[in-house]
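Every number in this text was worked out from the coordinates using simple rules, so none of it is lab data. Bear in mind that the values here come from a model prediction, so they are computed numbers and not experimental data. As a convention, Cβ positions derive from the backbone with ideal geometry for all residues, glycine included, and neighbour counts pool all protein chains shown.
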C-alpha cells in the first residue's frame, strides 16, 4: 500500500473530551448504542420493527421465519458494529464487546461456504443473487460489512469479522470483473468501493484496491449495465416501477471520471466521490483527481445548503441542478455524513483547510441536527424551515417532520450518525511525516508516535483554544476556519506573526510542552445566498463561527416570517447583533437579535393596508438543537 | 318551481361584445369548440388520446373495441355539448348544431332501455354499476349530461338530449333513496346535485329537486356510505390504493349542513356548495343557507388566492387549512369555474355585490389564465410562481407547468373553460321582478322582457362604462366593485349622488334611453396578504382593478426575486407606480413600475457581502396572459 501523504490518526490515539463532545459521545455510548441494539432486536415497542437480527438468525438456521425489512436491512447491523468498534477503540467496554462478538458470530453463521453473506438473498430470494444489482444492495451491504470489519479489527485486534469480510471480498472478486465470464456490473448504491479501499488498507491485499477501481471505472460505461440487467431472465423487481431509465439517479449516466456535476441520490453520490478520492490518492490518477475537484466544487459551491446539507429534493433524495436550494429540502443526515467523508479525503489529498471547513459545517449543523438532545430520536431529513400546520398537506414538505422520530423503516441515518460521532477522532486530526494537522478544534488529545497535542477549548462556541504541543520537531498545521478566522496566535505567551497558507497556519519548531493560544473571530455574521437561490432573496442566515442559527416559534411567536432584521441594504449586517445569553437549552448558545416585527391589523385576507412595525428581541438557537421542545414552526433564513 | 328572487337572464337575451370578450368568444367558437371536438374524436396527433366519442360508439354498438380513458371520460362530451349549447344560444351555427345533434344521437344510442347511460360501465364494467359510488363517477357524468341537456334545450328548443337526461334521471330516482331497498348512497364527486336542480328548473319536475336534496342530506351521515361500500361484494377498485379513509377529501366527513370550513378536493367542494345554495334558495332552508354563508366565508376569506384560485395542494387537488396558500399551489381551473358558479348563486341568494366581486376576480385571473391566447392550449393548474429550471425536480412544484398543454388525460378543465366563457351572459347580469343587476361590466347588451341595457366599456382595463337603459320603470343595480370602486355616476350628464348599499348603486327611474356614465377607480394597488400567509411576508401583489399582475422573465430577467419595490413600509404603496404602456402582447395592459434591482457580485454560494442596488423599470403583465411566450420564470408576489 502506498503511504498516503496525509492520513487520519489512529482512533485509539485520539481522545475527544470537553463538556460538549463528552456529552455527545456519552449519549452515543450509553443511550444510542444500547437503544439501537434493542431496535435491531425488535425490543423497542413504539419504534418500527427492524427484524435485522432476526433475519441473521433465520439465515444462520437458528430461527424460523421470513425475512423482514428493506433489501439492505443487514447494513443496519454492520453500521452499528462499526459504531461500536469506534466506541471500543476509545472506551473499552467488555460487556458491549461481548454483545458485538456474539453478533459477529451470528454474521459468520449466516455466511455461505463460498463467502457470500446477505440475509435477504439467503432467506427470501436465493435465486436472485447478483441478478438485480441496481436495487439489490448486495454490494452495498458488503461494503458496510467491510467497514465494520476493518474498524472492529483496528479497535479490538480481533479477526473474526475481518475474516468474514475477506471471505466475502474474495468471493466478490471472483464473481465480478471483465474477464472469464464474470459479471461486468456494479452496485446500484455505491459503498463497496470505499469499503474495499479500507479492506485493502488493513490487509494490504491489492486485489481489493483493483476491485474498487474496477467498480468505479466500469460504472456508466455503455451499454448501461442496469439497462441490460433489467431485461435479463431472473431479474425481479424490488422497488416496483423503478427502472434504469433515470441513470443520473445512481450516477451511472457516464463514467465517474467524466462527471462534472453532482447529480442523483445524494448519499450514493458522496460515497462514490469518497471512493474516487481514495483511488485518486492511491493510484496517483490525475484524471480521477480532476473529477473529484470538479465534483467537490459543484457540490460545495452550487448545491450545498448553508447548513452543509445536500440533496435538495425528496424525489429520489437527490441533487438536482445548480442553485436549486429550496428550504423544504431533503438534506438527508446520511448525505451530510457522506459529505464529511468526502471532505476528509479531499483534505488529505490536497492538504487544504477549506475541505475541513465544509466538514465542520456539516458536522455542527446537519449531522448533529440528526439526533435529539436525548440521543434516542433521529432526523432522516433536515429542512431549513418547517410549519407543522401546513407541511403535512404538501408532497414536497411532508417528509420534513416537525419532531425527530424513534426509528425508521429505512434506518440508515441513526447508525450513520453513531459511527460518525464515535469516529470523530478520525475527522479531528490528520498526520503526515512532516507533522500534525488540527482540523477540528475539539477538547482532548491526539498522538502520532511521540508527537502529542493536548487541546483545551470550547470552540466553536467560545473564541479561544489552547494547544499544548510536545514530541520533538515537526510542523503543526492549525486550520484557519473560514467561518471563524484565527485573529491571533501566541506560543508560550509570545505573539507569532504568521500567515495562513492553504487554509492552515503552519507552526514549525521543536515542541516540548509548548503552549499555543489561539483566538478565533466568532462574531455573529449575516450570510447572504448567491442570488440564484431565489427562495433566500431578501433574507439572511445568521451564523456565529460555523454554527448556523434558527428561529423557533417556542422562543418567539408563530409566523416567524414576521421578523425583519431591518438593517437596510447598506448598513453592516452584523451591526445590531447583540449579546449572547446562555442556558436556553442545555449547552445552548442562544442569540438575541434586535429586529422589528411586522404586525397587521385584523382584517381581510388581502388588503392594501401596510403592516405596522415594533421593536422586538428575536431569540435564535443553534440549528442543530431545533425541535427539542415539541413540534413548532422553525425557520433558518430571516428577512433582512 | 319557486320563483327565485334574483336569477340569471336567459342566455339568448344577453349579447357579449367589445374587443376583449368578442375575441375570446370567437376563439371559443372558431378554435376551441372545433379543436375539442377533434380531440374527443382522437384527431389531434400530438394531444393525449381521448377515446371519448369512440367509447360512445362502442357502447352504442356502432364500433368494436375497448373503453379508453378515465372512468369519467363521458363528461368531456357533455361539457363540450353544454359549451356548444351556450354558443348556439347567442351565435346560431347550423353546421355546429348538426355535429352536436349527431353526438346527441350517439348518446341516445348508448343509453340502456332503463335510462342508464355511462360508457365505462356499459363497455368495460357492466357488473360494477353503482357498486363503487366513491370513485365510479356515474352520477357525476349524469350531472354533466343533465347540464348539457338543459342548456341544449334552452338554446335550441330540441328535446332529444333533454329526454335522454329525463330517462336517466328517472332511473336514478328509482335506484337511489332511503326506502324500498334503494341504494342509500351518493356520488364521490358532487355534480349531479346542482344538475338535478337545473333539470327541475327546466322540467318543473319536483322529484328531481327532492333527489338533489336527498343526495346533499344523505352525504356524511354515519355510518359512512363509502366505508360500507368498499367492504361489499362486487366492489372493485378504480383508483388503486384510494380508500374511504380520508372522508374530508370528498366532503363526506359530516353532513354538508354542518360543515364549517372548506376541505378536500376543491372542485367537489364548490360544486357541492353551489347545489347547497340552489337548495337553500329553493327550499327556503335557513340551516343550509347558514352553512353556505359559513363555507363561502371560509373559502373567500381564509383559503382563496389573490387570483381567485382555490385548492392549495397538489395532494388531492384540495383545500387544506386556513391560510395555507403557498405560491406553488394547485389552483385547478375547474375549481375557479366552480367558485364562479358558487358566487353566482350566493349573489342571487343575498343580492350582495361582494359575491360578484369574487366571481369577477376568479374570471379575469385564474379562469382566463386557463387558456392560451391562441385558444388551443390549456392550464389545469394555475400556480402563482414557476421556475422551469427547478420545478420538475420537486413533487409539490412538478404539476405547475411552465407552458400550457394541448390536452390532458384528465381533461375536465378545457371543456369547463369553454362552457364558462360561452355562458358568460349567465354571470354578467341578473334580474328580479324589481329590476336588473349589472354584475360584470362587459360591452354588449342585456334584455329582460321590455327592459334593456346597452353597455359600452373596456372595463376592467379602462375606467369607464356607459350604460343606456330603457324599458320603463325599474331599479338598476350597478355593482360597486371592491377592486375598482365607482367614483362617479352621471345620468344623462347629471351627477347622481347615491350611496352604495350591499355592494350596489341602486338607480330607480322610468328608463327611456337614459345614458348612465360610470367612472371606476382602477388605480394600481399594492396588496398585502394577511400575515398568516407566511410565504407572502415582505411581498405584495400588484393589482389594477380586479386584474392581478405578474412578472415574467421574458420582460425582465431571470431571478425575479431580485426586484424590490422598495417603497418602504411607511410610504404609500402605490406612490411610485407608473403609466401603463400598451401593446406588449395583443390586448395586454402592461405595467411599468420603478423598482430597484439587487445585484450581487460574482462570488461564493454564501457570502457576507450585501447586494448593490440599481434603479430598474419592472415590466408586469396581467396574470391571465402569462406563459404565452415560451417557458420562463414567473412570479406574482413582488418583494416590497
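Between residue A:286 and the same site in the other copies, what are the distances in nm, shortest first, taking label points 7 Å from Cα along the C-beta direction?
9.1
Sort A:156, A:122 so that the residue with the fewest other Cβ atoms within 10 Å of its own Cβ comes first and the one with the most comes last. Numbers along the way, then the final one.
Working: A:156 18, A:122 22.
Neighbour counts put them in this order, fewest first: A:156, A:122.
For peptide A:388-400, compute the average count of partner chain beta-carbon atoms within 10 Å of each residue's beta-carbon. Don't skip to the end; give the middle numbers.
Working: counts 0, 7, 11, 1, 4, 12, 13, 9, 10, 6, 4, 1, 0.
Rounded to a whole number, the mean comes out at 6.
By how many degrees, 0 to 90 and rounded to 10, does the Cα axis of helix B:94-110 deviate from the longest principal axis of chain B?
Between helix and principal axis, roughly 40 degrees.
Using only the C-alpha atoms of the protein assembly as shown, find the volume of their convex hull and express it per residue in Å³. Before the final figure, lay out the partial values.
Numbers: hull volume 228.0 nm³, N = 1280.
Taking the convex hull of the Cα positions in the protein assembly as shown, it is 178 Å³ per residue.
Can you give the % of DSSP beta bridges in segment A:432-520 that are antiparallel, to the nearest 5? Before the final figure, lay out each step's value.
Numbers: 33 of 37 bridges.
Among the beta bridges of segment A:432-520, antiparallel pairing accounts for roughly 90 percent.
Once both axes come from the Cα atoms, what is the angle between helix A:74-90 and the longest principal axis of chain A, in degrees from 0 to 90, rounded to 10?
That works out to roughly 70 degrees.
Can you pull the one-decimal nm distance between simple spin-label points at residue A:301 and residue B:247, each 7 Å off the Cα toward Cβ?
In this crude spin-label approximation the distance works out to 5.9 nm.
Got the residue B:183 label distances to the other copies yet, label 7 Å along Cα→Cβ, in nm, shortest first?
5.2
Can you tell me the orientation of helix A:138-156 relative to chain A, as the angle in degrees between its alpha-carbon axis and the longest Cα principal axis, to the nearest 10?
Taking the Cα atoms of chain A, the angle to A:138-156 is about 80 degrees.
Order these peptides, A:210-220, B:56-66, by their mean beta-carbon neighbour count within 10 angstrom, highest first.
Numbers: A:210-220: 21.4, B:56-66: 15.5.
Sorting A:210-220, B:56-66 by mean packing, highest first, produces A:210-220, B:56-66.
How do A:599, A:205, B:332 line up, fewest other C-beta atoms within 10 Å first? Spell out each step's value before the answer.
Working: A:599 13, A:205 18, B:332 28.
Ascending Cβ contact count within 10 Å gives the list A:599, A:205, B:332.
Before rounding to the nearest 500, sum -39500 (n - 2.57) across all DSSP H runs of length at least 4 in chain B and divide by the residue total; then give [θ] at 222 nm in deg cm²/dmol.
Numbers: 17 runs with 207 residues, N = 640.
Estimated from H runs of four or more residues: -10000 deg cm²/dmol.
Where does each of A:564, A:524 land when they are ranked from fewest to most other beta-carbon atoms within 10 angstrom?
Details: A:564 22, A:524 19.
Arranged by neighbour count, lowest to highest, A:564, A:524 become A:524, A:564.
Across peptide B:602-614, how many C-beta atoms of other chains are within 10 Å of each residue C-beta, on average?
On the way: counts 1, 4, 7, 16, 17, 5, 9, 3, 11, 5, 2, 2, 0.
Mean shielding by partner chains, rounded to a whole number: 6.
If you count, for each residue, the other Cβ atoms within 10 Å and average over each peptide, how do B:409-418, A:242-251 line up from highest to lowest? Working shown, then result.
Values: B:409-418: 23.9, A:242-251: 17.8.
Put in order of decreasing packing, that is B:409-418, A:242-251.
What gaps in nm, shortest first, separate residue A:493 from its twins in the other copies when you place the label 7 Å past Cα toward the beta carbon?
Label point to label point, same position, other copies: 10.3 nm.
With an 8 Å Cα cut-off and a minimum separation of 6 or more residues, compute the relative contact order for segment A:432-520 in percent.
Working: 192 pairs, mean separation 27.8, N = 89.
Reported relative contact order: 31 percent.
Given R₀ = 60 Å, what would the calculated FRET efficiency be for residue A:260 paired with residue B:284, taking r from the Cβ atoms and rounding to 0.05?
On the way: r = 71 Å, r/R0 = 1.19.
E between residue A:260 and residue B:284, to the nearest 0.05, is 0.25.
Considering only C-alpha atoms, what is the centroid distance from segment A:165-197 to segment A:499-549, in Å?
The two parts, judged by their Cα centres, are 41 Å apart.
I'd like the mean, over residues of A:532-539, of how many other protein chain beta carbons sit within 10 Å of each residue's own Cβ.
Details: counts 6, 4, 11, 4, 2, 10, 10, 2.
Across A:532-539, the average partner-chain Cβ count within 10 Å equals 6.
What is the calculated FRET efficiency for residue B:62 to residue B:31, with r their C-beta to C-beta distance and R₀ = 30 Å, to the nearest 0.05? Before the final figure, lay out the partial values.
Working: r = 29 Å, r/R0 = 0.95.
Once the sixth-power term is evaluated, E becomes 0.55.
Highest mean first, how do B:478-484, B:455-461 rank when packing is the count of other Cβ atoms within 10 Å averaged over residues?
Numbers: B:478-484: 23.0, B:455-461: 20.9.
Going by the mean number of other Cβ atoms within 10 Å, highest first, we get B:478-484, B:455-461.
State, to one decimal in nm, how far the label point of residue B:501 lies from the label point of residue B:615, with both points 7 Å from Cα in the Cβ direction.
5.1 nm
Relative contact order for chain A: what percent, with Cα pairs under 8 Å and sequence separation of 6 or more?
Details: 1331 pairs, mean separation 81.3, N = 640.
Dividing the mean separation by the residue count of chain A yields 13 percent.
Assuming R0 = 51 Å, what is the FRET efficiency of residue B:510 and residue A:602, from their Cβ-Cβ distance, to the nearest 0.05?
That gives a FRET efficiency of 0.65.
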